[in-house]
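J.: First the structure, then my questions, so here it is.
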Amino acid sequence: MRRKDSLSIALREFVYRHFGIHARQRQVRRYNAANLGVDAYLKTHVCLKPFQNLETTNRGHVHVCCPDWLPTPIGDMNSDLLRQWAGPTAQKIRASVLDGSYKFCSRQHCRDIADRCLPHRDHPKVKETLAAFSGANIPAPVLVQLSHDRSCNLSCPSCRKERIVADKAEQEQLDAIFEGSALPLLRGAKIVYITGSGDPFASNHFRRVIKRLNRQDFGHLRFDLHTNGQLFDERAWRDLDLAGRVRSVEISIDAADPETYGIVRRGGTFQNLRKNLAFIAGLRRTGEVRRLKFSMVVQARNFTEMPAFVRLGEEFAADHVYFQMIRNWGTFSDAEFKAEFIGDPAHPRHKELIAILEAPEMSRPIARIGNILGYTRTPPTMQMPAANEANTGDDAESDVILAAD
Ligand SMILES: C[S@@+](CC[C@H](N)C(=O)[O-])C[C@H]1O[C@@H](n2cnc3c(N)ncnc32)[C@H](O)[C@@H]1O
Ligand code: SF4
Ligand code: SF4
């Protein structure tokens with residue numbers, strides 16, 4: 001790498017770490033201080049993610065949860081991951097979950113807080129986990145989320161301005177980092193999640209990772225796959241030798257209409273998606289895959305399709321259909337984002353969003369409104385469910401509790 005390149009990368013990283021992360025941490029604190037409504041709930045519920053999850057990012061940082069929800073990293077991929085897992089930042093985050101302050105977590109963005117699907121303090125799994133963490137040797141992560149390669153076949157406008165594909169040299173670097181830091185952890189983990197950064201089927205690196213985690217040496221591991229679904233067909237399933245090894249699949253779709261799909265999932269086609277969804281639904285119906293989720297990043301372009309999206313989930317055997325408000329990941333100018341950010345009460349169509357939430361489909365058991373409610377002035381018929389009332393806690397089961405099964 002040329003000296004100028006490495007200097008500019010170092011500068012970018014410095015700016016991100018010292019301004020970006022701190023700015024997001026300040027945003028989390030400000031929002032939480034102004035929105036104390038969930039305090040009582042958080043005092044009685046314990047998120048197990050900081051006790052179970054370790055997540056890599058494309059910047060080489062390591063987190064215990066999605067960086068969008070919990071921006072504070074616990075370390076980076078170039079140092080000993082297990083030491084960081086037991087290190088001071090990780091311990092502070094765990095303490096904040098136990099004292100009920102959740103001060104590192106965004107109450108606005110975290111889907112599990114918004115959906116009230118955290119396990120109760122008295123849940124046997126919580127007690128068991130906390131007991132294991134009270135000893136001198138804390139348990140290793142059970143769920144390792146690999147999100148360090150952004151390579152993807154699509155270029156969704158919400159996510160990036162153009163297609164990103166790691167070149168050969170970058171792939172070699174990623175392979176080496178994975179081999180040295182994440183692989184040893186996976187010998188002890190139970191679940192590997194691929195990926196929140198790019199696409200598991202489009203990234204050469206992640207395809208190699210999946211093959212590297214072969215059933216002979218890593219037969220104990222189960223996969224959680226998060227994908228746009230465009231390349232998830234029977235051939236890929238066989239080629240990657242996935243049979244009997246996948247716990248859950250999340251497909252981000254963001255539309256119910258082919259034309260909208262072509263815009264929000266730039267580079268993909270709805271026709272090809274539906275063909276693959278038929279295959280994936282078959283995997284769910286036979287029980288080959290234990291959980292199937294569809295997700296939509298809600299924005300001005302697609303919010304009217306939310307009810308139809310729930311129906312799409314029902315058609316293709318999804319257990320849950322998740323909605324998540326769009327954020328500006330730096331791909332939109334201020335004006336562009338203002339036009340897309342339907343969550344803003346000042347948006348000219350915000351009232352239509354509230355009306356859409358009243359559609360009967362949005363109350364169906366598979367629909368998970370997620371953090372959308374946090375952005376709307378909650379109308380009377382759409383009150384937040386009380387703890388584990390409308391939501392029985394089975395999301396917590398899938399994402400957290402079952403991580404240790
Ligand atoms: C970056 S993608 C990686 C996984 C895979 N490529 C996919 O799209 O499912 C992870 C998730 O981020 C979501 N996402 C993309 N842009 C977003 C944005 N601006 N705000 C919030 N979520 C976004 C995607 O819809 C997807 O569910
Ligand atoms: S409460 Fe939400 S943000 Fe905090 S660790 Fe759990 S899932 Fe992450
Ligand atoms: S498919 Fe996923 S990773 Fe790829 S561009 Fe879209 S949101 Fe980003």
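J.: Looking only at segment 122-139, count every residue that is surrounded by fewer than 18 Cβ atoms within 10 Å (Cβ to Cβ) and within 22 Å of the chain's Cα centre (by Cα) and tell me the total.
T.: Residues in segment 122-139 being surrounded by fewer than 18 Cβ atoms within 10 Å (Cβ to Cβ) and within 22 Å of the chain's Cα centre (by Cα): 0 in total.
J.: Here is a follow-up. Looking only at residues that are under 21 Å from D224 (Cα atoms) and aliphatic (A, V, I, L, M) in segment 114-151, which one is farthest from ligand 1 (Cβ to nearest atom)?
T.: Checking each candidate, the answer is A140.
J.: Residues F294, F303, F341, F332: which one is under 19 Å from the mean Cα position of the chain (by Cα) and not polar (S, T, N, Q)?
T.: Going through F294, F303, F341, F332 in turn, just one is under 19 Å from the mean Cα position of the chain (by Cα) and not polar (S, T, N, Q): F294.
J.: Can you tell me which residue within segment 171-230, out of those that are within 17 Å of the chain's Cα centre (by Cα) and of a type in the set (V, I, T), is farthest from ligand 1 (Cβ to nearest atom)?
T.: Among residues in segment 171-230 that are within 17 Å of the chain's Cα centre (by Cα) and of a type in the set (V, I, T), the one farthest from ligand 1 (Cβ to nearest atom) is I191.
J.: Considering each of R235, R150, R245, R163 in turn, give the residue that is more than 25 Å from Q84 (Cβ to Cβ) and in contact (Cβ under 8 Å) with a residue 40 or more places away in the chain. Talk me through it step by step, then tell me what you get.
T.: Details: R235 fails: in contact (Cβ under 8 Å) with a residue 40 or more places away in the chain; R150 fails: more than 25 Å from Q84 (Cβ to Cβ); R245 fails: in contact (Cβ under 8 Å) with a residue 40 or more places away in the chain.
Step by step, each of R235, R150, R245, R163 is checked, and only R163 is more than 25 Å from Q84 (Cβ to Cβ) and in contact (Cβ under 8 Å) with a residue 40 or more places away in the chain.
J.: Okay, next question. Give the residue that is surrounded by the fewest Cβ atoms within 10 Å (Cβ to Cβ), with candidates limited to residues of segment 241-262 that are within 16 Å of ligand 1 (Cβ to nearest atom) and under 25 Å from A189 (Cα atoms).
T.: Only one residue tops the list, namely V246.
J.: Can you tell me which of (1) in contact with a helix residue (DSSP H, G or I) (Cβ under 7 Å, 6 or more places away or on another chain); (2) within 16 Å of ligand 3 (Cβ to nearest atom); (3) of a type in the set (D, E) is the one D175 doesn't meet?
T.: (2)
J.: Considering G282, G267, G219, which residue is within 12 Å of ligand 3 (Cβ to nearest atom), more than 30 Å from I354 (Cβ to Cβ) and surrounded by fewer than 21 Cβ atoms within 10 Å (Cβ to Cβ)?
T.: Matching residue, one of G282, G267, G219: G267.
J.: Please give the helices (runs of 4 or more DSSP H) falling wholly within segment 64-125 in which 1 or more residues are among the aromatic types (F, W, Y).
T.: By residue number, 81-85.
J.: Quick one: which residue in S158, S151, S134 is among the polar types (S, T, N, Q) and more than 16 Å from ligand 3 (Cβ to nearest atom)? Show your work before the answer.
T.: Working: S158 fails: more than 16 Å from ligand 3 (Cβ to nearest atom); S151 fails: more than 16 Å from ligand 3 (Cβ to nearest atom).
Sole residue among the options that is among the polar types (S, T, N, Q) and more than 16 Å from ligand 3 (Cβ to nearest atom): S134.
J.: I'd like the residue in segment 277-327 that is polar (S, T, N, Q) and at pLDDT 95 or above and, out of all such residues, is nearest to V249 (Cα to Cα).
T.: Going through the qualifying residues, I end up with S295.
J.: Please tell me if E288 is without any contact (Cβ under 8 Å) to a residue 60 or more places away in the chain, surrounded by fewer than 22 Cβ atoms within 10 Å (Cβ to Cβ) and within 12 Å of ligand 1 (Cβ to nearest atom).
T.: no
J.: For V142, state whether it is of a type outside the set (S, T, N, Q), modelled with pLDDT of 95 or more, touching a Pro at 6+ places or on another chain (Cβ under 7 Å) and within 16 Å of ligand 2 (Cβ to nearest atom).
T.: Spelling it out, it is not the case that V142 is of a type outside the set (S, T, N, Q), modelled with pLDDT of 95 or more, touching a Pro at 6+ places or on another chain (Cβ under 7 Å) and within 16 Å of ligand 2 (Cβ to nearest atom).
The values are calculated or read from the model by the stated rules, or taken from the named source; none is laboratory data. Quick caveat: nothing in here was measured; it's all calculated off a predicted structure. Every residue, glycine among them, receives a Cβ derived from its backbone with ideal geometry; neighbour counts consider all protein chains shown.
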